[in-house]
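The values are calculated or read from the model by the stated rules, or taken from the named source; none is laboratory data. Since the structure is predicted, the reported quantities are computational estimates derived from the model, not experimental observations. FYI the Cβ positions are ideal-geometry reconstructions off the backbone, even for glycines, and counts take in every protein chain you see.
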Amino acid sequence: MTVESDKVPAGFGLAKGKKSRSQSLGLARYLVIRFLLIIPTMFILISMVFFLMRITGDPITAALGGRLPPDQLADRIHAAGYDRPVLIQYFDYLGDILRGNFGTTLSDNREVTDILAQYGTATLELVIYALIVAFIIGVPFGMIAAYKRDRLPDAFLRLFAILCYATPVFFAGLLLKLIFSVWLGWFPVSGRTDYLSELSGLRNPSGLYLLDALRAGNMTIALDVLKHAVLPAIALGLLIGGVFLRLVRTNLIGTLGSDFVEAGRSRGVSEYRLVTKHAYKPALIPIVTVMGLQIALTLGGAILTETTFGWKGLGFMLAEYLTARDFVAVQGIVMLIAVIVALTNFLVDVIAALIDPRVRY
Amino acid sequence: MTKSKRALRLALATAGIGALSLSACTGPVDDSGGDSSDSGKKVTVGTTDKIVSLDPAGAYDNGSLTVMTQVYPFLLNSKPGSADPEPGIATSAEFTSPKEFTVKLKDGLKFANGNDLTSSDVKFSFDRVVSIDDPQGPAALLTNLDHVEAPDDSTVVFHLKAGNDQTFLGVLTSATGPIVDEEVFSKDKITPDDEIVKGKAFAGQYEITNYTKNELVSYQAFDGYQGLLGEPESKTVDYKYYTSANNLKLDIQQGNIDVAFRSLAATDIEDLEKDDKVQVLKGPGGELRYVVFNFNTMPFGAKTSDADPDKALAVRQAMADSVNRQDIATQVYKDTYTPVYSFVPSGLPGAIEPLKEMYGDGDGGPDVDRAKKRLKDAGVKTPVELNIQYNADHYGPSSGEEYAMVKSQLEKTDLFKVNLQSTEWVQYNKDRTQDVYPIYQLGWFPDYSDADNYLTPFFAPGNFLANHYDNKEVAKLVQKQQVTTDEDKRSELIGEIQTEVGKDLSTLPLLQGATVAIAGEDVDGVESTLDASYKFRIGVISKK
Amino acid sequence: MDTTTSKPARQPRWTRLPIISHLRKSVGLQRTMLIIGLILSGILFLTAIFAPLIAPYGYAQASADGANFGAQMAPSAAHIWGTTVGGYDVFSRVIWGAQTAALVIVLGVLMSIFAGVILGLVSGYLGGWVDRLLVVIADAIYAFPALLLAIVMSIVISGGQSNLFGGIMAAAISITVVFIPQYFRVARAETIRLKAEPFVESAKVIGTSNLRIISRHVFPNATRTMPLIFTLNAAESILTLAGLGFLGFGIEPSSAAEWGYDLNKALADATSGIWWTGLFPGLAIVLTVLGLTLVGESMNDLNDPRLRGRRRAGRKKRGGPDMPADAYVNGTGLEVTK
């Protein structure tokens, strides 16, 4: 989607005239094809993870390799069926998935759907907080940078954005922890709440702790949840925020160079007004779509944030399950991530297609 | 049928009450946790353990066993401070004939859900461990069990394959030992944790009232418990599961939890020792860290081009002369591990320290000259090239440093040239049993507290090391001590085995772990459970 | 596309080399950024080359002259940045870490360029079902969080042994797999564009073989934007390497010094208020990535007339989210995990 459209000459309002008649049909066709493309993407990812995991060994050796004689170990592996031909295991697995049976994890005996629900909501909550931080950092500063382009504030903000990117989440996390938890003692070091027993006792908990606490009307817990979220949200939010800042800046500069803004400029509209009123909106659409593409970055960053702050979410658990060679859990989590990524990309493409007809190839 | 119906109604009722009390509890929560019960404050314990399963048939790990210790009854158990198996929910447990171990249950035993606990539950509990034979389960511990018989409601007879098995008492206290409710647990598959909690299939010192797997377990004292441990000091205990040791450490330091048990990094423990607000408590630990020699592929091993058993032995012995265990324990582990000079860790009945005088300076330290002489006498050309393998991700975070130190100690003698390599755990296990590694690291956590658990798995034929060490004399002795009923005689045999293996050095034991718990200054009783049974019994903890 | 339009007029050959031409083109702030970036990157590679001379101790050396360094010693004259939990000299490990980082960058990025470009060229040139299949696979990999992929790959690869070479190869290959789709995409798109160019058409007409067309005509042109992606990926590979090390899937300390691994260990130290074990390797990562990113960023800006230092280089804005110049940044620089 990115580079192919290079073939089309630049220019915005090109899709006119004879195309308008078949446009709705073309759009529908594009959407269907684009949606169907999710299937091979998912299929490839699932298969890849399946075979890679089989190469890396089995959960039984991982758990008991250090205690059992080789023959007993082999017996257990045989009983679990891990010594069958990989292709047979693969088709079994595909069959199970099609029947909606994702299995039970091997290392802690839980339904995969269960762990997805529990840890997925944890990650979701973290990502929401981080996105809020990222927007607060990225959008206003990006606008300032574009407005003050090539001057000192711009240079400073760009450097800041690059620093956000250049600082690994875990290093930022380490510094935040060292300063705000260990030395100042303002925020807790880790975890999501101190009131887990109260929260998990609620009826139909959503798993989003803040929401649950607010629903129960308990401000003490809500505050506690927020306090736990501050440092992880900043660590991850800075990473994403840096990217947002650059996106906003680049796109605003692009819009500021466009004809209609130029027209405004020639009519004597102030540069400040141009940024905040005129250029802002058209620049926002590509920004939002490209931000959608940051889902991979966000999820990847979430793994490291979760590890740093002991936030038991999908990413953290995935690393755990990988170490335990728990195929079932890893495949389940990877599949969920693949679905999220595929759907996000689909939505981004759909929005892009609605905005710009050239995209439909 | 009627029993299960009653159980169901009871479960419904309790669930209903639970829901009511929870929905009523929407006001602000104060720090004391809101329990105004008379018997002590709520105690919070933190750990980095993980629970594999609450079902005894599906778990063979420390994290799961700790939960089971609290909530399931055992036929045999040991009191805090001791590792000697005594009747738990039984009035008697003894060999009634060499191949029959008979247990008489106490009267009126009940599960928390109201179901009766009878001999049929006991038989059910052991039968299912064997028949399910879960890949992650402890069925391997029951290889000597032929079948279980329940002649009447209060009598259980274990029929064994080999007679007078002295380790069977230990087995009953181990991960296979918990007694479960046959009306809640499935006969032929692992029962999910949630069903166990919902079914209140508990009859230990505590029952679980709130369960979020690997995040939080809330325990409440179970009034009907009749086992060895008695009434717990604290009625309610919360057990929090941490994702990393340093977070656990900070929380205990800042007083957010009362006790931290397993596993803190050595640095953290050292740091906490300087802190007046917490107590660092240590007890014996069962963990053993050692080097394994592959008798086929080590230098001068049986399958090498220059095979020579005497030279191979000299290399092993010279290595034993050269390592400085105390230095490793101090520098790498801040003395949270202690040097070990035997194959059976000190603290267990029968443990002696044969390696102390046999090697090094005779007092535990290294002796380069002795090593030099040994190699020279055997005609070994120095430096000997050693390829040592270790694993960085299974035996704690410091294996890398530990083996870097072993390497530098060995090379300091100028007798050895060490190539150090690490491999990730799963591959490591495949490789080591396929003779890929000539010399390599392993560790051991015991299944139960008995010297045999450090002998049979290591030196009996078909052992898990698979290092081609084959000493018929040792194998015979190992078998003999297992069935020796006289305690003194058995200890003597166990000592003899250690001395014999000490001459051959099938493995080179380096360090023995201590069990470390950290408690807040207002917490009492923790130290009494840090004994050689390696069981953490939360019932002993109380808070001022 | 931008690079073709902004092709400099006849000039000495060396001035047309990527970074030098960029430096000549740059002005003001952009030049400062580029120079800072070049200096930082230069420091990294110089440190890597001269690590044996600079570092006072080995990366896995815990004692000197028969005495142990002692663990977690605060910075002192003997150990200017203190010692780690394993009793290693922090300064030495940071210096040696530069070597690991540089090796991983070079190996990882070279391998991914090699594999990615070849696949892209073939895929774009041949078209048909091969092309479609490769595109779908590349998209699937590309869409997936890179770090996860790298973790899985590192487990697969580290099945071997983790000596210096093995460990670095494992990290480099993990990174390669993640980057291949990016080079693949760019190479393929350029190839498709170039295929329609008259000079390729004419080569076909006179019966030149496919291999020759690809290697002589398409390849040199399709790889012109590579230095840019190369720089940004180099930065990213450092982050991926550090991430792997941090999560415990990286290189062991006895095999090589690796900053992410040291940070992982330092996380535990931080709770005891020990800052020196984490700060220095962390700063090393930040400065390295900063340097490389500054170079890449500046090159990106200079390649894109819209963003070049001079006001409006006479090109119109292009709407939509698919702006090729940005795609280099959005698609390669920042969106991948760290």
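Checking the structure you have, find out if any residue of the stretch A:272-281 is more than 7 Å from every other protein chain (Cβ to nearest Cβ), farther than 18 Å from A:R149 by Cα and at pLDDT below 70. Scanning the stretch A:272-281, I find at least one residue that is more than 7 Å from every other protein chain (Cβ to nearest Cβ), farther than 18 Å from A:R149 by Cα and at pLDDT below 70, so the answer is yes.
Taken over the stretch B:378-410, residues that are touching a residue at least 12 places away in the same chain (Cβ under 8 Å) and either of a type in the set (D, E, K, R) or more than 22 Å from B:A312 (Cβ to Cβ) (or both) amount to 16.
Contact map, the stretch A:13-39: first residue away from every other protein chain (no Cβ under 12 Å) and over 16 Å from A:V350 (Cβ atoms), second residue surrounded by 10 or more Cβ atoms within 10 Å (Cβ to Cβ) and at pLDDT 80 or above, Cβ cut-off under 6 Å, separation 6 or more or different chains; the map is empty. Per the listing B:F158, B:F74, the residue uniquely under 25 Å from the mean Cα position of the chain (by Cα) and farther than 30 Å from A:T61 by Cβ is B:F158.
With the structure loaded, tell me whether A:I179 is surrounded by 23 or more Cβ atoms within 10 Å (Cβ to Cβ) and either at pLDDT 80 or above or out of contact with any strand residue (DSSP E or B) (no Cβ under 6 Å at 6 or more places or on another chain) (or both) or whether it fails that test. So A:I179 does not fit the description; no.
Taking the stretch B:486-521 as the search range and keeping residues that are of a type in the set (D, E) and farther than 30 Å from B:P438 by Cα, which one is surrounded by the most Cβ atoms within 10 Å (Cβ to Cβ)? Going through the qualifying residues, I end up with B:E492.
The residues of the stretch B:277-298 that are over 16 Å from B:A519 (Cα atoms) and assigned to a loop (DSSP other than H, G, I, E, B), listed by number, are B:N294, B:F295, B:N296, B:T297, B:M298.
Residues that are more than 9 Å from chain B (Cβ to nearest Cβ) and touching a residue at least 12 places away in the same chain (Cβ under 8 Å) within the stretch A:200-214 comprise A:S206, A:G207, A:L208, A:Y209, A:L210, A:D212, A:A213, listed in sequence order. Just name the residue that is farthest from the chain's Cα centre (by Cα) out of those in the stretch A:308-349 that are within 14 Å of chain B (Cβ to nearest Cβ) and among the aromatic types (F, W, Y). It comes out as A:F327. The set of residues in the stretch B:308-352 being part of a helix (DSSP H, G or I) and under 21 Å from C:G86 (Cβ atoms) consists of B:S322, B:R325, B:Q326, B:D327, B:I328, B:A329, B:T330, B:Q331.
In this entry, A:F156 passes the filter for residues that are free of Cβ contacts under 8 Å to residues at least 24 places away in the same chain, more than 10 Å from chain B (Cβ to nearest Cβ), out of contact with any Ser or Thr (no Cβ under 9 Å at 6 or more places or on another chain) and over 28 Å from B:V43 (Cα atoms). Selection over the stretch B:437-451 of residues that are over 16 Å from B:S399 (Cβ atoms) and out of contact with any helix residue (DSSP H, G or I) (no Cβ under 8 Å at 6 or more places or on another chain) gives a count of 1. Out of A:L116, A:L176, A:L131, A:L73, one residue alone is within 14 Å of chain B (Cβ to nearest Cβ), under 30 Å from C:L294 (Cα atoms) and touching a residue at least 12 places away in the same chain (Cβ under 8 Å). It is A:L176.
Flag not set for A:G57, criterion: without any contact (Cβ under 8 Å) to a residue 12 or more places away in the chain, small (G, A, S) and part of a loop (DSSP other than H, G, I, E, B). Among residues belonging to the stretch B:247-276 that are part of a loop (DSSP other than H, G, I, E, B) and in contact with a strand residue (DSSP E or B) (Cβ under 7 Å, 6 or more places away or on another chain), point out the one that is farthest from B:A83 (Cα to Cα). Filtering first and then ranking leaves B:G255. When the stretch B:54-71 is filtered for residues that are assigned to a loop (DSSP other than H, G, I, E, B) and either more than 25 Å from A:P59 (Cβ to Cβ) or not small (G, A, S) (or both), the ones remaining, listed by number, are B:L54, B:D55, B:Y60, B:D61.
For the stretch A:179-199, filtering for residues that are touching a residue at least 60 places away in the same chain (Cβ under 8 Å) and small (G, A, S) leaves 2.
Here is a check on your reading of the model: is C:I137 modelled with pLDDT of 85 or more and either among the polar types (S, T, N, Q) or over 26 Å from C:S209 (Cα atoms) (or both)?
So C:I137 fails the test.
Table: residues versus (1) over 20 Å from the mean Cα position of the chain (by Cα); (2) closer than 30 Å to A:R249 by Cβ; (3) of a type in the set (F, W, Y); (4) more than 10 Å from chain A (Cβ to nearest Cβ).
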| position | (1), (2), (3), (4) |
| --- | --- |
| C:G243 | no, yes, no, no |
| C:A257 | no, no, no, yes |
| C:T271 | yes, no, no, no |
| C:I274 | yes, no, no, no |
| C:P281 | no, no, no, no |
| C:G291 | no, yes, no, no |
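Applying the set (1) touching a strand residue (DSSP E or B) at 6+ places or on another chain (Cβ under 7 Å); (2) surrounded by 21 or more Cβ atoms within 10 Å (Cβ to Cβ); (3) within 10 Å of chain A (Cβ to nearest Cβ) to B:T433 leaves exactly one unmet item: (1).
Evaluation of B:D223 against the conditions (1) over 30 Å from B:D321 (Cβ atoms); (2) out of contact with any Asp or Glu (no Cβ under 9 Å at 6 or more places or on another chain); (3) away from every other protein chain (no Cβ under 12 Å); (4) surrounded by fewer than 19 Cβ atoms within 10 Å (Cβ to Cβ) shows that the sole unmet condition is (2).
When you check B:V474 against the structure, is it surrounded by fewer than 22 Cβ atoms within 10 Å (Cβ to Cβ), more than 30 Å from B:K274 (Cβ to Cβ) and touching a residue at least 24 places away in the same chain (Cβ under 8 Å), yes or no? For B:V474, the condition - surrounded by fewer than 22 Cβ atoms within 10 Å (Cβ to Cβ), more than 30 Å from B:K274 (Cβ to Cβ) and touching a residue at least 24 places away in the same chain (Cβ under 8 Å) - is not met.
So, A:V243, is that one buried (at least 22 other Cβ atoms within 10 Å of the Cβ), in a helix (DSSP H, G or I) and out of contact with any helix residue (DSSP H, G or I) (no Cβ under 6 Å at 6 or more places or on another chain) or not? Judged against the criteria, A:V243 is a match.
Those residues that are touching a strand residue (DSSP E or B) at 6+ places or on another chain (Cβ under 9 Å) and either without any contact (Cβ under 8 Å) to a residue 60 or more places away in the chain or outside any helix (DSSP H, G or I) (or both), I need them from the stretch A:89-113; list them, please.
A:F102, A:G103, A:T104, A:T105, A:R110, A:E111
Residue-wise test of (1) part of a helix (DSSP H, G or I); (2) more than 17 Å from B:L508 (Cα to Cα).
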{"position": "B:D393", "(1), (2)": "no, yes"}
{"position": "B:P397", "(1), (2)": "no, yes"}
{"position": "B:A404", "(1), (2)": "yes, no"}
{"position": "B:S408", "(1), (2)": "yes, no"}
{"position": "B:L420", "(1), (2)": "no, no"}
{"position": "B:Y437", "(1), (2)": "no, no"}
{"position": "B:L442", "(1), (2)": "no, no"}
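The residues listed here are C:T32, C:T3; of these, the one that is in a helix (DSSP H, G or I) and modelled with pLDDT under 80 is C:T3.
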